[in-house]
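Reviewing the structure listed below.
The values are calculated or read from the model by the stated rules, or taken from the named source; none is laboratory data. A quick note: this is a predicted structure, and the numbers were derived from the prediction, not measured. Cβ coordinates were reconstructed from backbone atoms using ideal geometry, including for glycine residues, and neighbour counts include every protein chain displayed. Calculation scope for accessible area: heavy atoms of the full protein, side chains included, ligands and nucleic acids excluded. Shrake-Rupley method; radii C 1.70, N 1.55, O 1.52, S 1.80 Å.
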Amino acid sequence: MPQTPTEPRPAAVVIGGGPAGLMAAEVLAGAGCSVTVHDHMASVGRKLLLAGRGGLNLTHSEPTDDLLTRYGTATPRLEAAIRAWPASALRAWCAELGEPTFVGSSGRVFPRSFRATPLLRAWLARLADAGVVIETRHRFVGFGSAPRSVRIATPDGEHELVADVVVLALGGASWPRVGSDGGWAAMLRAAGVEVAAMRPANCGLRIPWRPELLAKHEGAPVKNVQLSLDGVGVRGDVVITRAGLEGGPVYALAAVARDLIERNGSCTVHIDLSPDRSEAQLAERLARSRPGDSVNTALRRAAGLSPVAAALVRELGGRTLPTAPGDLARLVKRLPFVTVATMPIDRAISSAGGVRLDEVDDRFMLRALPGVFVAGEMLDWEAPTGGYLLQASFSTAVAAARGALAWLTEQPGRDSD
Ligand SMILES: Cc1cc2nc3c(=O)[nH]c(=O)nc-3n(C[C@H](O)[C@H](O)[C@H](O)COP(=O)(O)OP(=O)(O)OC[C@H]3O[C@@H](n4cnc5c(N)ncnc54)[C@H](O)[C@@H]3O)c2cc1C
């Protein structure tokens with residue numbers, strides 16, 4: 001954004017130093033704004049670093065049209081943001097930061113180091129070179145009386161800052177320990193912005209295991225199973241935890257399970273413990289087990305189940321397990337469990353809900369607060385794991401920052417060329 005020699009650089013305040021806030025800061029600084037990022041934690045990017053512990057799945061390599069279907073009822077606004085800054089842009093950006101990416105066997109995209117630390121370190125250095133100032137232990141506590149003014153609580157007291165543009169990138173409400181506590185929702189509602197209730201997404205499902213199962217198998221992975229719910233089947237590994245079941249297939253079905261539980265009070269998920277064999281093949285193998293073998297031995301020797309998978313059949317298969325091979329095979333292929341709750345939001349990978357997308361215009365500016373833009377997970381979109389969360393956080397940040405720059409040029413007293 002070219003300035004005349006006498007014109008001061010536009011002051012941009014970004015609140016929230018996660019991937020969305022830092023990306024908005026980068027775009028704004030690159031266009032000549034004087035940018036300050038305020039974050040209430042002692043350091044920025046904490047959730048990004050947490051995501052790095054799982055390998056940092058940055059995005060997905062599938063074609064953009066397919067990728068967009070992962071956002072369910074994504075509005076045209078979210079779609080436009082992702083098309084304008086798609087997975088290829090994210091990958092190029094990483095490579096520029098010295099962290100080339102690669103496509104894993106599942107099509108997911110990761111940085112070569114499989115970690116977030118080198119990426120964040122290089123990014124923060126580049127932001128500092130671009131003049132971006134990062135203020136930590138600065139908490140956004142509400143809006144001020146003037147347009148585009150925000151109240152920030154700091155260790156030295158509360159200050160009211162007035163900016164030319166404000167970008168809010170305060171995250172969702174999962175894992176509050178790393179900063180995203182969702183406390184901003186009350187402040188936005190008070191300012192007349194509609195915020196959909198925050199709900200857990202990509203989370204585990206609660207199951208009240210018997211102590212005997214936990215004593216032997218807590219933390220154990222159950223490899224290569226298929227979970228089915230509401231006509232959708234997802235394959236992968238699941239893990240037995242103290243409170244229930246976690247893992248990729250569980251997270252993939254969590255949104256459907258959450259909605260069914262909200263509607264009906266519970267839902268029944270089925271596990272196929274032997275997805276590579278048909279029921280008939282399994283029954284045939286079980287029929288060949290030695291006379292006198294216990295059901296447990298038959299499940300392990302003849303059906304080839306791991307000890308933990310066989311234990312799940314005993315745990316969830318009812319008081320008396322069927323002994324007829326056909327019935328037992330059916331159970332192994334469709335082992336039901338009832339769940340009445342998802343894991344709480346503070347243990348979820350992401351949250352659904354947030355600032356409703358019709359509260360922002362095509363530039364991601366709040367209709368109720370001109371000059372204030374919103375980006376990242378605090379917006380009301382939802383997606384499964386697979387890199388879709390970071391992709392949308394980055395893409396909406398680029399869109400919000402570009403929107404802010406476009407809006408600035410339209411303000412009286414600023415050049416529009
Ligand atoms: C365990 C885990 C693993 C994950 N793995 C992946 C993955 O592999 N791939 C993927 O795509 N996604 C993953 N995610 C999700 C991804 O990390 C988030 O979607 C993403 O970080 C959202 O970015 P954001 O910038 O919108 O919000 P955040 O990263 O949450 O950043 C928000 C920032 O705002 C600050 N803030 C909040 N309130 C205030 C306030 N009042 N005042 C000042 N500052 C405030 C917070 O301190 C924080 O720094 C994972 C999440 C978790 C929890």
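The residues of the stretch 57-87 that are in contact with a Gly (Cβ under 9 Å, 6 or more places away or on another chain) and assigned to a loop (DSSP other than H, G, I, E, B), listed by number, are Asn57, Leu58, Ser61, Glu62, Arg70. Selection of first residues in the stretch 388-403 that are farther than 23 Å from Ile349 by Cα and of second residues that are open to solvent by less than 10 Å² (accessible area, probe 1.4 Å) and in a helix (DSSP H, G or I), restricted to Cβ pairs under 7 Å at least 6 apart or on distinct chains, gives the following pairs, ordered by first then second residue: Ala399/Ala81; Ala400/Ala24; Ala401/Ala24; Ala401/Leu28.
Scanning the stretch 247-276 for residues that are charged (D, E, K, R) and either surrounded by fewer than 18 Cβ atoms within 10 Å (Cβ to Cβ) or touching a His at 6+ places or on another chain (Cβ under 6 Å) (or both), we see that the one that is nearest to Arg334 (Cα to Cα) is Asp276.
If only residues of the stretch 165-177 that are under 23 Å from Val398 (Cα atoms) and hydrophobic (A, V, I, L, M, F, W, C) are counted, the one that is farthest from the ligand (Cβ to nearest atom) is Val165.
Looking across the stretch 181-200 at every residue that is touching a Leu at 6+ places or on another chain (Cβ under 7 Å) and part of a loop (DSSP other than H, G, I, E, B), the one that is surrounded by the fewest Cβ atoms within 10 Å (Cβ to Cβ) is identified as Ala191. Among the numbered conditions (1) away from the ligand (no atom under 13 Å from the Cβ); (2) buried (at least 21 other Cβ atoms within 10 Å of the Cβ); (3) aromatic (Phe, Trp, Tyr), the only one that Phe102 does not meet is (2). The one condition from (1) part of a strand (DSSP E or B); (2) away from the ligand (no atom under 16 Å from the Cβ) that Gly353 does not meet is (2).
Before we move on, is Arg53 within 13 Å of the ligand (Cβ to nearest atom), open to solvent by 40 Å² or more (accessible area, probe 1.4 Å) and not hydrophobic (A, V, I, L, M, F, W, C)? Answer is yes for this residue.
Checking the structure you have, find out if any residue of the stretch 62-78 is of a type in the set (Gly, Ala, Ser), out of contact with any Pro (no Cβ under 9 Å at 6 or more places or on another chain), surrounded by fewer than 16 Cβ atoms within 10 Å (Cβ to Cβ) and farther than 18 Å from Gly171 by Cβ. Yes - at least one qualifying residue is present in the stretch 62-78. Note on the stretch 201-216: among residues that are part of a loop (DSSP other than H, G, I, E, B) and open to solvent by less than 60 Å² (accessible area, probe 1.4 Å), the one that is nearest to the ligand (Cβ to nearest atom) is Asn202.
Would you pick out the residues in the stretch 365-384 that are out of contact with any strand residue (DSSP E or B) (no Cβ under 8 Å at 6 or more places or on another chain) and open to solvent by 30 Å² or more (accessible area, probe 1.4 Å)? Within the stretch 365-384, Ala368, Pro370, Pro384 qualify.
Of the residues Asp346, Asp362, Asp358, which is within 16 Å of the ligand (Cβ to nearest atom) and either in a helix (DSSP H, G or I) or modelled with pLDDT of 95 or more (or both)?
Going through Asp346, Asp362, Asp358 in turn, the sole match is Asp346.
Being part of a helix (DSSP H, G or I), within 13 Å of the ligand (Cβ to nearest atom), open to solvent by less than 40 Å² (accessible area, probe 1.4 Å) and touching a residue at least 60 places away in the same chain (Cβ under 8 Å) is not true of Met41. If we scan the stretch 31-38, do we find a residue that is open to solvent by less than 30 Å² (accessible area, probe 1.4 Å), assigned to a helix (DSSP H, G or I) and within 14 Å of Val166 (Cβ to Cβ)? For the stretch 31-38, residues open to solvent by less than 30 Å² (accessible area, probe 1.4 Å), assigned to a helix (DSSP H, G or I) and within 14 Å of Val166 (Cβ to Cβ): absent.
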